[in-house]
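In what follows, a single structure is set out as structure tokens and then discussed.
The values are calculated or read from the model by the stated rules, or taken from the named source; none is laboratory data. As the structure is a computational prediction, the values presented were derived from the model and not from experiment. Cβ: placed from backbone, ideal geometry, glycine included. Neighbour counts: every protein chain shown. With ligands, DNA and RNA removed, areas are computed over all heavy atoms of the protein, side chains included. Shrake-Rupley method; radii C 1.70, N 1.55, O 1.52, S 1.80 Å.
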Amino acid sequence: MHAKVITVTSGKGGVGKTTVTANLAAALAMLGKRVAAIDSDIGLRNLDVVMGLENRIVYDLVDVVEGRCRLSQAMIRDKRFAELYLIPAAQTRDKMAVSPSDMVLVCDQLRPDMDYVVIDSPAGIERGFRNAIAPADQVIVVTNPEVSAVRDADRIIGLIEAEEKGPGQLIINRIKPSMVARGDMLSIADVLDILAIDLLGVVPEDEAILISSNRGLPVAMSATNSASASQAFRNIAQRLEGNDVPILDLAPQSGILSRLRNWVRGE
Amino acid sequence: MTGSKSTEIRVKGIREGILLGLNNHSAPFAELLQRLQEELAEKRTFLKGSRIVLDVGDHLLQRTQLAQIQTLLSENEMELWTVLAEPAATREAARALGLATRLAGSNTDLDGNDLAIGSAAQAGLEAEASSGANALLVLETIRSGRSVQHEGHVTILGDVNPGAQIIARGHVVVWGRLRGMVHAGASGDASAVICALQLTPTQLRIANHIAIPPEEQQPALFPEMASVRDGQIVAEPWRVRE
């Protein structure tokens, strides 16, 4: 059994990389998969907070790389699931503490025992980004429906292609169907028109995200949560598993919008 | 070190940092990489923390190979920022990695000799011996942040996205949507043209003329060609010139 290593990246900061990482990891774990989430944002770690595991950190990624502990000692088990682990970033160091080949080594160690390794990339295009994509089998690019985020996503996709990691798959996060309908926000079709890569999912703006991030309870975790973002993340996990979940993507422009509106109301 | 003498690596301090020169033109990449590794191991304490200019001579290197070198240098705490290469393909690969391919503002060559700066260098192009009107064909979309620079004509089979730039001494043809910046006739040739299936650029330049398209432009439903007419850049439906 060999785990698939998925890196979540965006270029621009604040578009929801950490939220997507935490929720995808949780949603995959809910499907009974063995999942390790790695925070590669050394010096600015967040994933532990969003997953609600901050107070259980003893060792971190830099400790593993520098040989102060074994990999298994840095893996924090999330007790809410059968097999979900977090490998936190160090908060006191910087990106230079880890090299791309260190990341490949860590992931290779995880591969035999996991189904998925999900890596949260830092913002930017420098060393931290290179660390995060070095071990990736698949890259997920997160963007928001706004011009600056799409511009940065385009840059990132170019860099991913240069590293020969494929063009990646796209998640459009924080879309507000009502604003799109009024023409005040880029539509899904507008974003895809520029980026021209596969759409993996669309996550609507949802207050539940902020509330759950503050509580350290990714929205995807609650199977009964009717929040639309929660459902969106669970659908994306299904798609990663190869299941053909009927979604918002690939439909023509007007179709997407009307279906999205129905979907937000209907769930 | 017992590395083979046939693959010498030159190390030299220049104004911009440290110059590493790969000399042997016939050596396979694996051997080059190994020699470089040995050289770095030997001189690590001396070179640590420096900015590296890599002169690969006439080696034809792929993006992945340059990326391997970049990783090797970064593991040794050195930062690769410029690749000097003779083959245009190697320079293009270096640019795809976000690396510079010439020494900006440098008026000395690699051996420290003074160079006469030609008008091409002043126009932001690589000063090279006239390489003729060769054309560069790029078979992919040019995404934000990428810069394609060429001394001849440039043809792109794909889009040119916002935030990307194409700079050519000759004509530029984009078989796709042109939404970024294109500079044709960059060394002063005002007869150069820019053609695109959909011409909706952020900015166009031909020779020393600059045009900013009107806001809220509706994309034309046909291919267009931009050229200089009476001192202005004008776009019109793309058809064979009389």
Over all Cα pairs of segment B:9-115, the Kirkwood radius sets Rh, and Rg/Rh then becomes 0.93
Log entry, pair A-B: total buried accessible area, probe 1.4 Å, protein chains only, in Å² rounded to 100, is 1600 Å²
To the nearest 0.05, the calculated FRET efficiency linking residue B:221 and residue A:137 through their beta-carbon distance, R0 being 51 Å, is 0.80
D (µm²/s, integer) via Stokes-Einstein for segment A:1-114, Kirkwood Rh across alpha-carbon pairs, 25 °C, 0.890 mPa s: value 172 µm²/s
Measuring from the longest principal axis of the C-alpha atoms of chain A, the long axis of helix A:228-240 (C-alpha) lies at a number of degrees, nearest 10, equal to 70 degrees
Among A:4/A:176; A:165/B:48; A:12/A:95; A:4/A:165, the pairs whose Cα-Cα distance exceeds 20 Å are A:4/A:176; A:165/B:48
Residue B:137 and residue A:93 label points (each 7 Å along its Cα→Cβ direction) are spaced in nm at 4.8 nm
Expressed to one decimal in nm², the mean projection of the alpha carbon convex hull of the protein assembly as shown is 27.0 nm²
For segment B:135-237, the accessible surface attributable to carbon and sulfur atoms (probe 1.4 angstrom, ligands and nucleic acids excluded) amounts in percent to 53 percent
So the angle from the long Cα axis of helix A:17-30 to the longest Cα principal axis of chain A, reported in degrees to the nearest 10, equals 80 degrees
Once amide hydrogens are built 1.01 Å from N within the peptide plane, the residues lying 5 or more places from residue B:148 or on another chain with amide H under 5 Å from its amide H are B:165, B:166, B:167
Per residue of B:146-159, other chain Cβ atoms within 10 Å number on average 1
Here FRET efficiency (C-beta to C-beta, residue A:147 to residue B:41, R₀ 45 Å, nearest 0.05) is 0.45
Taking every residue of A:130-136, the Cβ atoms of other protein chains inside 10 Å of its Cβ average out to 1
Here the residues of segment B:48-80 lying in the modelled label zone of residue A:104, meaning backbone nitrogen under 20 Å from a point 7 Å along Cα-to-Cβ, are B:61-80
Within 10 Å of the Cβ of an average residue in A:70-82, the count of other chain Cβ atoms is 0
Under the rule rounded for a/c under 1.5, else prolate if a/b exceeds b/c, else oblate, using alpha carbon gyration tensor axes a ≥ b ≥ c, segment A:4-266 is classed as prolate
Here, residue A:31 and residue A:184, labelled 7 Å along Cα→Cβ, have an inter-label distance in nm of 3.6 nm
For chain A, the percent of accessible surface on carbon and sulfur atoms (probe 1.4 angstrom, ligands and nucleic acids excluded) is 49 percent
With label points set 7 Å from each Cα along the Cα-to-Cβ direction at residue A:241 and residue B:51, the distance between them in nm comes to 5.1 nm
The computed P(r) of segment B:135-237 puts the percent of Cα pairs beyond 22 Å at 17 percent
